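Everything on this sheet refers to the single structure shown next.
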């Protein structure tokens, strides 16, 4: 037990190289400047570019929130060493609430149904209870309230356990997770319906929420793998990370590679097979121009290549393979979100606009700055979690029962 205690002692404050500290600020200034110029010269392109960046980075926060909830629902041991920084990623969701304000202000330029009369549009009339301005803003506020409640509550109990070591904190986090898993499913589905699917309100899909969920967790696992690797090499997670954590993250990434492909194909197959014009138009529009090529890139880049690479056990532990694959996951997710959002603005094919890059840089800068601040503010891993010994592969003998 002495060796266990020493190996999990509080590490020195996180040392962040100077260029890393400056990078978020440079991204904020550069991206913000491009975004402001874009808003001045082409407000509609800016609105869609901003929505694209928002949906890409929202995936990271929601995927992290799910992984924290999953940890407590399953009473997992292996994920204890990586849980703290995943908690920080989930706590980017309140920041996303502030970053949502431009979308709220530009909603009428982004969502065509906002300017339509339900009496003249049958597809909007039957969905009017959902797609109306009041519901849009009320639901948006409710979503961020729920996400903030869950993310802050789970991390707060985790930090409290760092101080007290009380098992009551573990039970508290399990209760949060038990309620949170249902709230998470409902809120994520509402978010993607309101903010992405409603761009073309005529379209129907019962799988759209699950599709976005699978892509979000996939992206978060890739990001978590790289963060864990960096923190191990800096020495802050060296004593608590084992090959098991990297292997299990790779296994989960493989599972969500397959799950994403399954959901995506099922959505396409069922809609195309039904041959209902109100549904198939969405895919027909995305077969025009270079959108067909983007669809093929997503097919092979989001599924086939990761699937084949992650089949082998040894690749999950090989940084030379995993780091490029994790970076590739961000490229694929950006293409995927563009495939969903941008055909409405660029129906003839994919366009990588400079305003897109500016908005992505702005989000990356703001969120990385908040993440690094939290990473440096709190212990890098849970200090007194009762599952830490299990994560380290240490068997702790139970105390013998005292017979009175």
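Just a few scattered comments:
- For region 165-247: span of alpha carbons on each principal axis (Å, largest first): 54, 32, 18
- Model label sites at residue 205 and residue 44, defined 7 Å from Cα along the beta-carbon direction, differ in position by 2.3 nm.
- Only Cα sites of region 53-156 enter the Debye sum here, all with the same form factor; the resulting log10 I(q)/I(0) across q = 0.16, 0.20 1/Å is -0.77, -0.98, listed in q order.
- The relative contact order of the chain, computed from alpha carbon pairs under 8 Å that lie at least 6 residues apart in sequence, is 34 percent.
- In a fully extended conformation the segment linking residue 339 and residue 285 would gain 18.4 nm over its present Cα-Cα distance, using 0.36 nm per residue.
- Counting Cα-Cα pairs of region 251-370 in 10 Å increments starting at 0 gives whole-percent bin shares of 12, 35, 33, 18, 2.
- When each of the peptides 146-156, 172-182, 262-272 is scored by the mean number of other C-beta atoms lying within 10 Å of its residues, the order from highest to lowest reads 146-156, 172-182, 262-272.
- Between the Cα long axis of helix 319-341 and the first principal axis of the chain there is an angle of about 30°, rounded to the nearest 10.
- With 10 Å bins beginning at zero, the pair-distance distribution over Cα atoms of region 255-302 amounts to 25, 49, 26, 1 %.
- Cα gyration tensor shape for region 135-290, rounded if a/c is under 1.5, else prolate or oblate: oblate
- When the inverse distances between all different Cα atoms of region 121-162 are averaged and flipped, the Kirkwood radius reads 12.6 angstrom.
- Folded to 0 to 90 degrees: helix 43-73 orientation relative to the chain principal axis, Cα: 30 degrees
- Helix 133-164 vs. the chain, principal-axis angle (Cα, 0 to 90°, nearest 10): 10 degrees
- Estimated D of the chain in µm² per second, where Rh is the Kirkwood radius over Cα pairs and Stokes-Einstein applies at 20 °C, 1.002 mPa s: 95 µm²/s
Coordinate-derived values only; no laboratory data. Just so it is clear, the model here is predicted, and its values are computed rather than measured. Virtual Cβ from ideal backbone geometry, glycine too; neighbours counted across all protein chains shown.
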